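The values are calculated or read from the model by the stated rules, or taken from the named source; none is laboratory data. Only a predicted model underlies this, so the values are computations on that prediction, with no experimental measurement involved. Methodologically, a virtual Cβ is constructed for each residue, glycine included, from the backbone with ideal geometry; neighbour enumeration extends over all protein chains shown.
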Amino acid sequence: MEALYVMATMKWEAFNDMNFLKAKCYKIITADPKDEIVEIQGSLPILVAREACLDHLPKQLWDAEQIATLYESLRFIYYLEFKIYSSSENGYDLRKKSTFGRL
């Protein structure tokens, strides 16, 4: 069976993710998240994103202090969202009472 594969494909390999990044033109990449044939983690957009990250990002983006600050910021945002939505469920809609205009 392997011999038939070699004869039919001439050991063809596709490096679509690398070829996509090397092309010197404008690009649009899309994927169908409900595709039943190609798993999303094996799709071209994911492979292109992985390859771009490996090639273009430094090995360590943030130090421990920056990561801790990011974590605390995300916790604060989550807390605010929780308070907003729990208040609106109790009959008090913060969007209507806002002094900052429409949200």
message: Being small (Gly, Ala, Ser), at pLDDT 75 or above and assigned to a helix (DSSP H, G or I): is that true of ALA31 here?
response: no
query: Are any residues in region 2-29 under 11 Å from GLU51 (Cα atoms) and in contact with a helix residue (DSSP H, G or I) (Cβ under 8 Å, 6 or more places away or on another chain), and if so, which ones?
result: ASN16, ASP17, MET18, PHE20, LEU21
